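Heads up, the thing below is written out as structure tokens.
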Amino acid sequence: MTTTTHACYCGCAVPKPQHLPLPPFTEETAREKVQLAEDAWNSQDPVRVSLAYTEDSEWRNRSEFINGRAEIVDFLTRKWQREHEYKLKKTLWAFSDNRIAVRFEYEWRDDSGQWFRAHGNENWEYNADGFMAKRYASINDERIFIEDRRL
């Protein structure tokens, strides 16, 4: 995250955070944004992940609707408490001015040792400062054997 300045109502310069790269996206910057997201999610650090999103970011994750960074942190904390040895791979699918679509898959095991692969698509929309304002995820899960892991 970087900080630029902008003038407030009195004319003084105040810091304005940005999350590079900024839209409009090129293929190179869209791929960079996808890689940054993959790296953050693989850290399994809910606060780190949440900082890429706007304060009032909207999510749909499966059938769950999440609004804002505090709910994002809560959701990801719960997720990673039950998804052990989590590993994610994201791939750029398409991009436009301020939107990116990705395909993804991730693998994890539950408390009983059962492995799963989740795969699906995400649609992302960014604000002008490079923070994700909307994330809509469609996800399917399948049970897998440990020897069938790909990640």
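The values are calculated or read from the model by the stated rules, or taken from the named source; none is laboratory data. As the structure is a prediction and not an experimental result, all values here were calculated from the model. When we count neighbours, we look across all protein chains shown, and the Cβ atoms used for this are built from the backbone with ideal geometry, even at glycine. Each accessible area value is taken on the protein alone, full model and side chains, heavy atoms only, with ligands, DNA and RNA left out. Shrake-Rupley method; radii C 1.70, N 1.55, O 1.52, S 1.80 Å.
Looking for whichever is of a type in the set (Gly, Ala, Ser), closer than 19 Å to residue 66 by Cα and open to solvent by less than 60 Å² (accessible area, probe 1.4 Å) here; the options are 94, 137. Which one fits? 137 is the lone residue from the list that is of a type in the set (Gly, Ala, Ser), closer than 19 Å to residue 66 by Cα and open to solvent by less than 60 Å² (accessible area, probe 1.4 Å). Flag set for residue 108, criterion: of a type in the set (Phe, Trp, Tyr), farther than 15 Å from residue 59 by Cα, over 13 Å from the mean Cα position of the chain (by Cα) and crowded, with 18+ Cβ neighbours inside 10 Å.
Report yes if some residue within the range 111-124 is open to solvent by 10 Å² or more (accessible area, probe 1.4 Å) and under 13 Å from residue 44 (Cα atoms); otherwise report no. Checked the range 111-124: no residue is open to solvent by 10 Å² or more (accessible area, probe 1.4 Å) and under 13 Å from residue 44 (Cα atoms).
Within the range 61-89, the set of residues being closer than 19 Å to residue 144 by Cβ and in a strand (DSSP E or B) comprises 84, 85, 86, 87, 88, 89. When residues in the range 59-74 are screened for being open to solvent by less than 80 Å² (accessible area, probe 1.4 Å) and out of contact with any Phe, Trp or Tyr (no Cβ under 8 Å at 6 or more places or on another chain), 3 of them pass.
Within the range 41-60, being over 22 Å from residue 117 (Cβ atoms) and assigned to a loop (DSSP other than H, G, I, E, B) holds for 45, 51, 52.
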